[in-house]
Structure formats: C-alpha cells, structure tokens
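Here is the structure we will look at, set down as structure tokens.
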Amino acid sequence: MLKAQELEARGIIDDKTTKEFIFQGKLLKKGQLFSKRFRQVAIDTCQQKLDAGRFCVVIEGEVEFAVWEEKIVTPVSHISKSNFLQPPPPHSTVKLAALEPEFLKLCQKELVEFVGPIAEYILDETIKQYPSLTPKQLIEVLAKEISNPEQAKKFKQRLQ
C-alpha cells in the first residue's frame, strides 16, 4: 500500500486532482474509492483485480483509500473502424442529438458509482468527441469505460 503524501512529496501525484499517472511503467487510472474504515475492502478489491491479471495498487489518501488500476490503452492500429463511433465531419448536416441536462447529470451520477470521480471527465470528453450521440448510444459508449463487464451491465440497466 502506498501513501498519497509520499507520492505527492515526490511530485508523482496530487491526491485531489490526479486522475492518471505512470507507476512501474504502467498507466494507472483512479478507480474505486473507499472510506478509511473500509481499508480491507480496498485491499481485497485490488487483490481481485490482481488475481484477474489487472495491475493495481491501493493508495492511502488523507480521508480515503483509492484503488488505482492499470488503464489498458489499445493502440489505434488495433482498433477496427466499426468498433467505435465516428464524429460527424466539421461541416456536416447531421442534426446533433439533444441530450437533456437531467439525463447527463444522471449518467454522471451513475458512472461515478463505477469509475469514481473521473466520471465527469469521461462524460465531458465523450460528448466533445461524439456530439451527435443519442441517449442510448451515450450509455453504450460510457459503459465501455467500465472495466468490469458485470458492472458495465448494471450501469446500462440503471439508465435504460
């Protein structure tokens, strides 16, 4: 278990703002957060990820434990164009889908449950990259950000 204060002192992370960092040559993203009284749950969660072949570490912050897990980055050369949505051309006549602010707030609230505080960033970037998504498409794209398939399924069920 690592201490956030030690990592901050080395200039590796800022416990309050860092969402990703490189540790032992691996890109880590901030995952689930646990209050101090759930220390063992945080450790067990990380151990489950390690047992499943996913690198992770638990970092003890001032008020919580965070499970940081390896972010798998797929090289662009390995992605088929059919595996992701294309943003519309710059001068497209495609009508942008109207996503209600209440729906976006709900998406963010639910996504936080599964990926932690990075949910707002994921949602904002998804909308910037794919401005013409329908609500159903947005749910599908956001669900792909959840590494656990069962949790991704639960996320989709909550929003549909």
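The values are calculated or read from the model by the stated rules, or taken from the named source; none is laboratory data. What you are looking at is a predicted structure, and each value in this text was computed from that prediction instead of being measured. Here the Cβ is made from the backbone with ideal geometry for all residues, glycine too, and neighbour counts use every protein chain on show. When the accessible area is computed, the model is the full protein with side chains, heavy atoms only, and any ligands, DNA or RNA have been set aside. Shrake-Rupley method; radii C 1.70, N 1.55, O 1.52, S 1.80 Å.
Structure notes:
- Fully extending the segment from residue 136 to residue 124, taken as 0.36 nm per residue of separation minus the present Cα-Cα distance, adds 2.7 nm.
- Under 19 Å from the residue 54 label point (7 Å along Cα→beta-carbon), backbone N, the range 115-129: 115-123
- Residue 133 accessible area, assembled protein chains, probe 1.4 Å, Å²: 10
- Summarising the amide proton neighbourhood of residue 61: residues at separation of 5 or more, or on other chains, whose placed amide H is nearer than 5 Å comprise 4, 66.
- Relative contact order %, the range 1-48, counting alpha carbon pairs below 8 Å whose residues are six or more apart: 17
- Restraint check, 30/136; 36/154; 30/153; 19/49; 26/156; 3/156, Cα-Cα greater than 24 Å: 30/136; 36/154; 26/156; 3/156
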